[in-house]
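Below: the structure, in structure tokens.
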Amino acid sequence: MMGPAHSLSGAAAWLGVGAAVAAGGCAMPWPVLVVGALICAGAALAPDLDHKSATISRAFGPISRNLCEIIDRLSHTVYKATRMKGDPRRNGGHRTLTHTALWALLIGAGASALAVTGGRWAVLGILFVHMVLAVEGLLWRMARTSSDVLVWLLGAAGAWILAEVLNRPGNGSDWLFSGPGEEYMWLGLPIVLGALVHDIGDALTVSGCPILWPLPIGRKRWYPVGPPKAMRFRAGSWVELKVLMPSFMLLGALGGLGALEIV
């Protein structure tokens, strides 16, 4: 799928989780719901770090462009080193390593560890990166026509304000993990969810997605998981723009209302 659809699906997924835990009698504090939705929307773009033309490659100027080239080469190297006889030869690493459940779990665990051990500036860094990506994905028309500096300033301001809100007692810095020194450990959860939602979205397209790597399936280690081919669509097609994106908006709105126990 394209960047805006990925971001919308990520936000909707976290809002849906919020509604589910609220229904179970353990509602999220509203700052956790908002921050988690924005992080998940940003994280839903991150698996495309292996694609030099993706939205994330433009998000941070030369830094993200160079990082995408490095991740593309790393992914291609891992693909070549682990491919089985049934896996086709490839010229690049797009939709390989960063499009797996294992990658999502590792990135999320790394973010949680960084948030716990790195203190305030690490939390601000995680929030800033994902706020910028959320702006790029959710407000993509405005982001495309505005300057990168404006988007970065908006991301920085959002990260600073949201961190201040979360720091207030009862607002969720210790949500889910309340032990000493475990504040902000939950930040890895929307990152994992965003990456997995991205992978599921790509699995619906004609190319599928190797979510289950490194598990071998038949003669392939990079098996492109997906529904029957007749049910798949091309990225950017009318199905994505006219059906999926409005559906994500509706589901996100319903999830948000349920999470806030309004419905």
In segment 45-60, the residues that are charged (D, E, K, R), under 13 Å from residue 93 (Cβ atoms) and either open to solvent by 10 Å² or more (accessible area, probe 1.4 Å) or not in a helix (DSSP H, G or I) (or both): 48, 52
Close pairs (9 angstrom Cβ cut-off, 6 or more residues apart or separate chains): without any contact (Cβ under 8 Å) to a residue 24 or more places away in the chain and among the small types (Gly, Ala, Ser) in segment 45-68, part of a helix (DSSP H, G or I) and open to solvent by 40 Å² or more (accessible area, probe 1.4 Å) anywhere: 57/65; 57/67; 57/69; 64/58
Residue 221, sole failed condition from (1) crowded, with 19+ Cβ neighbours inside 10 Å; (2) at pLDDT below 95; (3) among the basic types (Lys, Arg): (2)
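Which count do you get for residues in segment 237-251 that are surrounded by fewer than 13 Cβ atoms within 10 Å (Cβ to Cβ) and not aliphatic (A, V, I, L, M)?
Within segment 237-251, residues that are surrounded by fewer than 13 Cβ atoms within 10 Å (Cβ to Cβ) and not aliphatic (A, V, I, L, M) number 3.
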Extreme residue, farthest from residue 45 (Cα to Cα), among residues of segment 197-210 that are buried (at least 23 other Cβ atoms within 10 Å of the Cβ) and not charged (D, E, K, R): 210
Tabulated pairs, segment 234-252, first closer than 23 Å to residue 14 by Cβ, second open to solvent by less than 40 Å² (accessible area, probe 1.4 Å) and among the charged types (D, E, K, R), C-beta under 9 angstrom, 6+ apart or interchain: 235/202
Members of segment 179-220 that are outside any loop (DSSP other than H, G, I, E, B), β-branched (Val, Ile, Thr) and under 21 Å from residue 83 (Cα atoms): 217
Top-ranked residue in segment 221-246 [being part of a helix (DSSP H, G or I) and of a type in the set (D, E, K, R); ranked as nearest to residue 1 (Cα to Cα)]: 240
Options 95, 89, 120, 65: the member that is at pLDDT below 95, of a type outside the set (Gly, Ala, Ser), in a helix (DSSP H, G or I) and more than 21 Å from residue 173 (Cα to Cα): 65
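Out of the residues in segment 76-89 that are without any contact (Cβ under 8 Å) to a residue 40 or more places away in the chain and more than 18 Å from residue 203 (Cα to Cα), which is most open to solvent (accessible area, probe 1.4 Å)?
As a first pass, look at segment 76-89 and keep what is without any contact (Cβ under 8 Å) to a residue 40 or more places away in the chain: 76-78, 80-81, 88-89.
Next cut, more than 18 Å from residue 203 (Cα to Cα) only: 76-78, 80-81, 89.
Details: 76: 32, 77: 82, 78: 34, 80: 123, 81: 84, 89: 202 Å².
Ranking the candidates gives 89 first.
Only one of these is out of contact with any helix residue (DSSP H, G or I) (no Cβ under 9 Å at 6 or more places or on another chain) and either more than 12 Å from residue 133 (Cβ to Cβ) or modelled with pLDDT under 95 (or both): 18, 24. Name it. Walk me through how you get there before you give the answer.
On the way: 18 fails: out of contact with any helix residue (DSSP H, G or I) (no Cβ under 9 Å at 6 or more places or on another chain).
Being out of contact with any helix residue (DSSP H, G or I) (no Cβ under 9 Å at 6 or more places or on another chain) and either more than 12 Å from residue 133 (Cβ to Cβ) or modelled with pLDDT under 95 (or both) holds for just one of 18, 24, which is 24.
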Any hit, segment 147-156, residues being open to solvent by less than 20 Å² (accessible area, probe 1.4 Å), under 22 Å from residue 6 (Cα atoms) and either outside any helix (DSSP H, G or I) or not aliphatic (A, V, I, L, M) (or both): yes
Matching residues in segment 30-44 - criterion: being surrounded by fewer than 24 Cβ atoms within 10 Å (Cβ to Cβ) and under 8 Å from the mean Cα position of the chain (by Cα): none
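The values are calculated or read from the model by the stated rules, or taken from the named source; none is laboratory data. Owing to the predicted nature of the structure, the values given are computational and were not obtained by experimental measurement. Because the Cβ atoms are built from the backbone with ideal geometry, glycine has one as well, and the counts that use them run over all protein chains shown. Note: areas computed on protein heavy atoms with side chains; ligands, DNA, RNA excluded. Shrake-Rupley method; radii C 1.70, N 1.55, O 1.52, S 1.80 Å.
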